[in-house]
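Below is one structure; the comments refer to it alone.
The values are calculated or read from the model by the stated rules, or taken from the named source; none is laboratory data. These figures come from a predicted structure and were not determined experimentally. Positions of Cβ are backbone-derived with ideal geometry, glycine not excepted, and every protein chain shown enters the neighbour counts. When the accessible area is computed, the model is the full protein with side chains, heavy atoms only, and any ligands, DNA or RNA have been set aside. Shrake-Rupley method; radii C 1.70, N 1.55, O 1.52, S 1.80 Å.
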Amino acid sequence: MLVIHPKDKTTDMLRTLYTGCAARLVDSICPSSEIRRLLHHTSTSERIMLLGHGCDRGLFYRLDDSSQLFDGIIVGHQHAYYLRRHGANLVAIWCNADLFARNEGLHGLFSGMIISELAEAELYNITTTQEELDVENQKLACRLRQLFDEEVPLSDIPQRLRDLNDSDTPLTRFNYNNFYYL
């Protein structure tokens, strides 16, 4: 499995998805050509996970984890050809990864907007606390990992996640309802 997860303290809970797995991890910045090489040489039978923050144009990276700003896109349009080769064996969890997938013709499990920071909660009028964010997002990551470990088909995961939402708060309803199989 290839995992591209740029270091970011606000998405650390996503490490749960690959910790202990036989995975090649890219967690620091590397040139676009190196990302293309890694994607090209990853077998189509292997899953690719793209995790962190992003937008409809791709997965972000930042050089300084204490900064609120992002420095660029580590996986974007220039990598779509290599991602399409993997069929539906992609998992992309970042804000609006589903829009990126739709724009690029990708298939797999994708997240829409996911609230991982208080500023995002305020933007979407979701009342929460930092403690709830930390606890519930860690639970979400653990549940997603459990579904992966149980080898639940990616196509079934969005509904299974919604069924696992035992807290049923505005935050969890928002986040659990923003997973899509495309």
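Key figures
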| quantity | calculated |
| --- | --- |
| Condition met for PHE100 (within 27 Å of GLU136 (Cβ to Cβ), modelled with pLDDT under 95 and surrounded by 16 or more Cβ atoms within 10 Å (Cβ to Cβ)) | no |
| Condition check for PRO170: open to solvent by less than 20 Å² (accessible area, probe 1.4 Å), at pLDDT 95 or above, farther than 23 Å from THR42 by Cβ and not aliphatic (A, V, I, L, M) | no |
| Selected residue (criterion: surrounded by the fewest Cβ atoms within 10 Å (Cβ to Cβ)) from residues of segment 114-131 that are out of contact with any Phe, Trp or Tyr (no Cβ under 7 Å at 6 or more places or on another chain) and assigned to a loop (DSSP other than H, G, I, E, B) | ASN125 |
| Contacts under 7 angstrom Cβ, first residue in segment 25-36 being touching a residue at least 12 places away in the same chain (Cβ under 8 Å) and among the basic types (Lys, Arg), partner part of a helix (DSSP H, G or I) and open to solvent by less than 40 Å² (accessible area, probe 1.4 Å), 6 or more apart | ARG36/HIS79 |
